[in-house]
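The values are calculated or read from the model by the stated rules, or taken from the named source; none is laboratory data. A quick note: this is a predicted structure, and the numbers were derived from the prediction, not measured. Cβ placement follows ideal geometry from the backbone for every residue including glycine, while neighbour counts extend to all protein chains displayed.
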């Protein structure tokens, strides 16, 4: 039997005390450093310095880890959030929080945007959005459709923007230059509308695109509300 001193020798690897949060930290590190496709149980084991089967004592498999990462990002987005102002202002605040969390974790965002995490954080987000539409006077199936519409739009736009951040620097720069240079060189005789818009395209920011998309959808909801298709806003 080895002595306590031998067990504590620096030449021996330390035993990692695995926990669900530690595994998620390692999974997030792998995804953000090496891309969403790099996340495997074996890669997690290497990252943690353990046999990959040890991870299965805390998660049923890779998919459960992915869903837990989705929940973690939503928890970050909702942390401390309390909606203020009118119903539309409250939704804009929430949408920007989700976008912000996705852009902080672009690799995870690309991995989880299309998933349903079934988490408390996801349920809380749904409750906030549905309550916002109830304040605006929508209920039942109409509120449910609006909830899915604005949620999917927010996640899709945020995930697209996040996916750009996962590209290598050379690809990102090439795409940026394509808008600034190649579009300007498109012959006006063949593409007159593109030629007219090209000088503006290069100056439009991701913030402007996100706000424009939200504005278009919210304008449609406001119009529907103004035509009496929803009851007046509730306090």
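Let me confirm something: among 80, 107, 49, which residue is more than 30 Å from residue 224 (Cα to Cα) and not assigned by TED's automatic domain parsing to the domain that holds residue 149?
Working: 80 fails: not assigned by TED's automatic domain parsing to the domain that holds residue 149; 107 fails: not assigned by TED's automatic domain parsing to the domain that holds residue 149.
It is 49.
Checking the structure you have, find out if any residue of the stretch 119-129 is over 29 Å from residue 212 (Cα atoms) and surrounded by fewer than 19 Cβ atoms within 10 Å (Cβ to Cβ). Steps first, answer last, please.
In the first step, residues of the stretch 119-129 are kept if they are over 29 Å from residue 212 (Cα atoms); the result is 119-120.
From what's left, surrounded by fewer than 19 Cβ atoms within 10 Å (Cβ to Cβ): 119-120.
Checked the stretch 119-129: at least one residue is over 29 Å from residue 212 (Cα atoms) and surrounded by fewer than 19 Cβ atoms within 10 Å (Cβ to Cβ).
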Give 182, 175, 211 a once-over and let me know the one that is within 30 Å of residue 91 (Cα to Cα) and either touching a strand residue (DSSP E or B) at 6+ places or on another chain (Cβ under 6 Å) or assigned to a helix (DSSP H, G or I) (or both). 211
Got at least one residue in the stretch 178-200 being in contact (Cβ under 8 Å) with a residue 60 or more places away in the chain and touching a helix residue (DSSP H, G or I) at 6+ places or on another chain (Cβ under 9 Å)? no
State whether one or more residues within the stretch 146-167 are out of contact with any strand residue (DSSP E or B) (no Cβ under 9 Å at 6 or more places or on another chain), surrounded by 12 or more Cβ atoms within 10 Å (Cβ to Cβ) and on the phi > 0 side of the Ramachandran plot. no
Of the conditions (1) modelled with pLDDT of 95 or more; (2) under 27 Å from residue 26 (Cα atoms), residue 148 fails just one. Which one is it? (2)
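Quick test for you: out of 217, 164, 145, 150, pick the one residue that is in contact with a helix residue (DSSP H, G or I) (Cβ under 7 Å, 6 or more places away or on another chain), farther than 30 Å from residue 37 by Cβ and either part of a helix (DSSP H, G or I) or not assigned by TED's automatic domain parsing to the domain that holds residue 88 (or both).
Values: 164 fails: farther than 30 Å from residue 37 by Cβ; 145 fails: in contact with a helix residue (DSSP H, G or I) (Cβ under 7 Å, 6 or more places away or on another chain); 150 fails: farther than 30 Å from residue 37 by Cβ.
The match here is 217.
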Residue 80 is checked against (1) within 16 Å of residue 147 (Cα to Cα); (2) at pLDDT below 95 and fails just one. What number does that condition carry? (1)
